[in-house]
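One structure is given here, and the rest of the page talks about it.
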Protein chains: 2
Amino acid sequence: MNSNVPRWSVWEFSKSAAVDAANPFDLEIKAVFQKDNRRLTSFGFYDGEGVFKIRFMPDCEGEWTYQIYSEIPELDGLTGSFTCTPPKAGERGVARAQGLHFAYDDGTPLYPLGTTCYAWVHQPRELRRQTIESLRKTPGFKKIRMCVFPKHYDFNTNEPELYAFEGNPQSSFDYTRPNPRFFAHLEACISDLKDIGVEADLILFHAYDHWGFANMDEECNHRYLKYITARLSSYTNVWWSLANEYDLLRHLTEQDWDGFAKIIEERDYASHLMSIHNCFGFYNHNKPWITHCSIQRQDVYKTTEYTNEWIKAYQKPATLDEIGYEGDINWGWGNLTAEELMRRSWEAYVRGGYPGHGETYVSPDDILWWSKGGILKGESPARYNFLMEICKETGPIDYLPERSPWDMPVGGIEGKVYIAYLGFSRPRFRAFHSSHPYLGRSNLPEGNYKVEIIDTWNMAMTNCGIMAREDLYVELPGRQYMAVRFTVV
Amino acid sequence: MNSNVPRWSVWEFSKSAAVDAANPFDLEIKAVFQKDNRRLTSFGFYDGEGVFKIRFMPDCEGEWTYQIYSEIPELDGLTGSFTCTPPKAGERGVARAQGLHFAYDDGTPLYPLGTTCYAWVHQPRELRRQTIESLRKTPGFKKIRMCVFPKHYDFNTNEPELYAFEGNPQSSFDYTRPNPRFFAHLEACISDLKDIGVEADLILFHAYDHWGFANMDEECNHRYLKYITARLSSYTNVWWSLANEYDLLRHLTEQDWDGFAKIIEERDYASHLMSIHNCFGFYNHNKPWITHCSIQRQDVYKTTEYTNEWIKAYQKPATLDEIGYEGDINWGWGNLTAEELMRRSWEAYVRGGYPGHGETYVSPDDILWWSKGGILKGESPARYNFLMEICKETGPIDYLPERSPWDMPVGGIEGKVYIAYLGFSRPRFRAFHSSHPYLGRSNLPEGNYKVEIIDTWNMAMTNCGIMAREDLYVELPGRQYMAVRFTVV
């Protein structure tokens, strides 16, 4: 075993043992890790070929000891220790909900603007390499929605090399036996994401299935959840997304989902972010196990304009995980212009949420980013990079209803900075002070502001200089997709 | 008096009488017109300089007699007759609600796509001439929203030449005495509209006022309504719009508005269309006196997409009389692109409603079409002409929910014609048959269809030939604002 491990990296115990159980995946093994008064229990897992492993991600530096508890006699009672050293360069720990926003363990804010490649891990090596390369070149994507199970749907009918369970579609699957080779592959993919600073928003169940993974019985579902949490809880960049469109898995009840969440809460000693994503109505995001709202828009026309209402209702941060995609396929969710996707993304942003991208251009090779990854073809990713820069410069912002006139949402940090987003409005001028009765009132507080026009489409900033609140009259270019940022000086 | 008058033209009785009343505008005069068993009562009015008039628009041909009843002794008991001859060429009578649509008295459907020039009648002669000329060149506008009273608002602060009441803003107004010269001017404007086939959607009250016309007492309001109905009920192309944004006239109650409507119903023997337009919530359009819903959209983002719900709720035809304007002024309602205005207009159309245009481009001379008329500068009017052609070709259509997939509204005439509107969706293909589970199902009935792609923005039609329902797979250009029309063959 490693005797040194950097903070927030993965320490691993690995040992062969004679296996005579009917199903070695049912054998329980766990370790209690201790440093001073801090004690954490990490569950282990069977990795095939007689090998059992326990992983641990230490979250503070110093000497840790552990003791193993197992029904496998050879492993039970083993003890050991290791030293947690300072984190690797750039390592920030696990992402957490912090108030209505997100931050890593080290306190650095995380702006989880994201994208979606549901089945990228199920594609051939070269395509996966392209996906990682595309993400590496797109710092505006800090999170990717991706499925554990393969996907069977329009433009996505190829079989993967590896499945999460033993067996194959030609014969059958044994849903009682996870496939360690698949999970090792999944871990490699998650590590690749980690290396480029991307969070893996891991979808544990979905309905786009023809292998039976969507219809396993409760025992298999629970075994699967115990297995995946044992393997992945020590990866900093994992988020648990219980489902994509949970309500399409019609045989699963609220009790089932709550039960799944309970297993994850018990087994994930690192308490990763956890959410559940809807097709129609939202799951009850008030439940304590839900760390943030993972939202699919509910209306075809009015989408992220509801973001502030959702955040207010649930008092949790929100990722807008399906707001339509840039593309030109048949479905209404997959044929938006980049302009419309970015408009929705900015509406989400100024209303305090974190929007998600997707790309669905018809392609002769049927490789659409949203499903398989590969090369990004659209115009949105560059604009996500630009939005990420704005996020980082500005800090986490909330929707400010009392600063927002009826026709223009304003988000910001009270007393520090305000961003007004004009969306499809394209005025040639706008007054932001309250003294003129007609000129588009807003109620910024008294003070002096650095005023910047943000052309969110052309990704350009225009510095308008310093203005007193009473002089906040801004000439604009008469184009859509402009924002104005007011920074208190 | 004229001894002949064409059907649906204005016959007028005019006679001087000695006036010794304190207010001759309070003297009652009316005539009962009779042809066979048909009897209609038209109220007369004082036209100034000792002259009283009674107007009448006969709605059937043949010999009409009349008898005058008045508290003016010289006029009381006068009788006479005239002959109603066939209508002038192109004359179709008064526009009526017909089911959920509109038609003239002669049965011809009217598609009241419209525009808005609130204060055009209050502008100088040359500007008015331009307005009429602009309308004449835009057959897509069959209705214009316009105010009786002048307007005081952004970009509209010039005083008119004539006011609806005696007096002037330098001294004061006598709200008890209508100004016959102004009303004669208004009638000339309405006649000019009539000559080019445009309906005058006449706004009787509005809040954009600094003359006191918005705050007259009940007696003055009632006198004004009696006066204007006496003068204008004989004009075929008048629609009564009780208010623009009735709810901004905060001192007026529902009882007041219902009282106004009662006066109009009693006095307007020709029963012109009557509506009341909102700013915030709708007036109760279920009231029997309301012939159609005159609607301002209630949400900034989702606007005419509600049209079918409104029509269903009120079971009356709907004109969408404020859905945002093409322009670039400061206000969110006045800085849409032409594309967005047309998108909203088509959403209204396929959902069974009749959208209204407006134009608000910043102009150095402060002449914005929406308020003053003049020259049309935008890109929407040509597209309204195109939409009008589609209306005429297709006939009045209703929203067909059972034909509409979740992401694409379909309107039409069941068994005859269906129009699917794709709006901001821009697919490269779409299947319209129901046999493929994923390809954008719709449920057109069995049969063969002439299929046409309508490029609503580029105003072009592509004939795709005849297809059987099972073959309804349509290749599309991957651009926004397309519709597809299916005509049963």
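Only one of B:GLU166, B:GLU159 is open to solvent by 10 Å² or more (accessible area, probe 1.4 Å) and out of contact with any Lys or Arg (no Cβ under 6 Å at 6 or more places or on another chain). Can you tell me which? The unique qualifying residue is B:GLU159.
Table: residues versus (1) β-branched (Val, Ile, Thr); (2) under 24 Å from A:LEU225 (Cα atoms).
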{"site": "A:ASN4", "(1), (2)": "no, no"}
{"site": "A:GLU12", "(1), (2)": "no, yes"}
{"site": "A:ALA21", "(1), (2)": "no, yes"}
{"site": "A:ASP26", "(1), (2)": "no, yes"}
{"site": "A:ILE29", "(1), (2)": "yes, yes"}
{"site": "A:GLY50", "(1), (2)": "no, yes"}
{"site": "A:GLY62", "(1), (2)": "no, no"}
{"site": "A:SER70", "(1), (2)": "no, yes"}
{"site": "A:THR83", "(1), (2)": "yes, no"}
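Looking only at residues in segment A:297-335 that are open to solvent by less than 10 Å² (accessible area, probe 1.4 Å) and within 17 Å of A:ALA243 (Cα to Cα), which one is farthest from the other protein chains (Cβ to nearest Cβ)? Restricting to residues being open to solvent by less than 10 Å² (accessible area, probe 1.4 Å) and within 17 Å of A:ALA243 (Cα to Cα), the top hit is A:THR319.
Going residue by residue through segment B:465-480, is there one that turns out to be within 24 Å of B:SER380 (Cβ to Cβ), crowded, with 18+ Cβ neighbours inside 10 Å and within 14 Å of chain A (Cβ to nearest Cβ)?
From segment B:465-480, those within 24 Å of B:SER380 (Cβ to Cβ) are B:476-480; that's our starting set.
Adding the requirement that they be crowded, with 18+ Cβ neighbours inside 10 Å leaves B:476, B:480.
Retained after the next criterion (residues that are within 14 Å of chain A (Cβ to nearest Cβ)): B:476, B:480.
Yes, there is a match, as at least one residue in segment B:465-480 is within 24 Å of B:SER380 (Cβ to Cβ), crowded, with 18+ Cβ neighbours inside 10 Å and within 14 Å of chain A (Cβ to nearest Cβ).
The set of residues from segment A:137-167 being at pLDDT below 95 and away from chain B (no Cβ under 14 Å) comprises just one member, A:ASN158. Looking only at segment B:169-195, count every residue that is surrounded by 13 or more Cβ atoms within 10 Å (Cβ to Cβ) and either assigned to a helix (DSSP H, G or I) or aliphatic (A, V, I, L, M) (or both) and tell me the total. Adding up the residues that qualify gives 14. The number of residues in segment B:410-445 that are more than 9 Å from chain A (Cβ to nearest Cβ), modelled with pLDDT of 95 or more and part of a loop (DSSP other than H, G, I, E, B) comes to 3. Just to be sure, is A:THR41 surrounded by 13 or more Cβ atoms within 10 Å (Cβ to Cβ), within 30 Å of A:THR319 (Cα to Cα) and under 23 Å from the mean Cα position of the chain (by Cα)? In short, no.
Just one of the numbered conditions (1) over 21 Å from B:TRP370 (Cβ atoms); (2) modelled with pLDDT of 95 or more; (3) in a loop (DSSP other than H, G, I, E, B) is not true of B:PRO112: (1). Residue count for segment B:459-471 under the criterion of being free of Cβ contacts under 8 Å to residues at least 12 places away in the same chain and not aliphatic (A, V, I, L, M): the result is 1.
Looking across segment A:245-269, just one residue is in a loop (DSSP other than H, G, I, E, B), of a type outside the set (Asp, Glu) and open to solvent by less than 10 Å² (accessible area, probe 1.4 Å), and that is A:LEU249.
Scanning segment A:224-244 for residues that are open to solvent by 20 Å² or more (accessible area, probe 1.4 Å) and within 20 Å of the chain's Cα centre (by Cα) yields one hit, A:TYR235. So A:ARG125 ticks every box in (1) among the charged types (D, E, K, R); (2) crowded, with 17+ Cβ neighbours inside 10 Å; (3) without any contact (Cβ under 8 Å) to a residue 60 or more places away in the chain but one. Which box is left unticked? Every condition holds for A:ARG125 apart from (2).
Based on this model, can you work out whether A:HIS277 counts as outside any helix (DSSP H, G or I) and buried (at least 22 other Cβ atoms within 10 Å of the Cβ)? Spelling it out, A:HIS277 is indeed outside any helix (DSSP H, G or I) and buried (at least 22 other Cβ atoms within 10 Å of the Cβ). Hey, could you check segment A:347-358 for residues that are within 14 Å of chain B (Cβ to nearest Cβ), closer than 17 Å to A:GLU322 by Cβ and not basic (Lys, Arg) and say which is surrounded by the most Cβ atoms within 10 Å (Cβ to Cβ)? Residue satisfying both the conditions and the ranking: A:ALA348.
Do you know which residues across segment B:352-363 are in a loop (DSSP other than H, G, I, E, B) and touching a helix residue (DSSP H, G or I) at 6+ places or on another chain (Cβ under 6 Å)? Before the answer, list the steps.
If we filter segment B:352-363 for residues that are in a loop (DSSP other than H, G, I, E, B), which is where we start, we get B:352-353, B:357-358, B:361-363.
Result: B:GLY352, B:GLY353, B:HIS357, B:GLY358.
Just one of (1) open to solvent by 20 Å² or more (accessible area, probe 1.4 Å); (2) closer than 25 Å to B:VAL5 by Cβ; (3) of a type in the set (Phe, Trp, Tyr) fails for B:PHE52. It is (1).
Among the residues of segment A:213-223, is there at least one that is in contact (Cβ under 8 Å) with a residue 40 or more places away in the chain, within 17 Å of A:ILE54 (Cα to Cα) and surrounded by 19 or more Cβ atoms within 10 Å (Cβ to Cβ)? Yes, because at least one residue in segment A:213-223 is in contact (Cβ under 8 Å) with a residue 40 or more places away in the chain, within 17 Å of A:ILE54 (Cα to Cα) and surrounded by 19 or more Cβ atoms within 10 Å (Cβ to Cβ). The set of residues in segment A:90-146 being polar (S, T, N, Q) and more than 19 Å from A:SER271 (Cα to Cα) consists of A:THR115, A:THR116, A:GLN123, A:GLN130, A:THR131, A:SER134, A:THR138.
If you go through segment B:296-351 and keep only what is out of contact with any helix residue (DSSP H, G or I) (no Cβ under 7 Å at 6 or more places or on another chain), assigned to a helix (DSSP H, G or I), among the hydrophobic types (A, V, I, L, M, F, W, C) and within 23 Å of B:PHE155 (Cα to Cα), you end up with just B:TRP333. So, of the residues in segment B:284-295 that are open to solvent by less than 10 Å² (accessible area, probe 1.4 Å) and of a type outside the set (A, V, I, L, M, F, W, C), which turns out to be farthest from B:THR115 (Cα to Cα)? Per the stated criteria, the residue is B:HIS285.
When the residues of segment A:364-378 are filtered to those that are assigned to a loop (DSSP other than H, G, I, E, B) and open to solvent by 10 Å² or more (accessible area, probe 1.4 Å), the one that is farthest from A:LEU127 (Cα to Cα) is A:GLY378.
The number of residues in segment B:338-358 being without any contact (Cβ under 8 Å) to a residue 60 or more places away in the chain and under 30 Å from B:ARG125 (Cα atoms) comes to 2. Just one residue in the set A:GLU402, A:GLU340 is closer than 30 Å to B:PHE280 by Cα, open to solvent by 20 Å² or more (accessible area, probe 1.4 Å), within 13 Å of another protein chain (Cβ to nearest Cβ) and of a type in the set (Asp, Glu); that residue is A:GLU340. Residues that are away from chain B (no Cβ under 14 Å) and without any contact (Cβ under 8 Å) to a residue 60 or more places away in the chain were ranked within segment A:360-388; the one that is nearest to A:THR108 (Cα to Cα) is A:SER380.
The values are calculated or read from the model by the stated rules, or taken from the named source; none is laboratory data. Since we're looking at a predicted model, the values are computed, not measured. FYI the Cβ positions are ideal-geometry reconstructions off the backbone, even for glycines, and counts take in every protein chain you see. Only protein heavy atoms, including side chains, enter the accessible area calculation; ligands, DNA and RNA are left aside. Shrake-Rupley method; radii C 1.70, N 1.55, O 1.52, S 1.80 Å.
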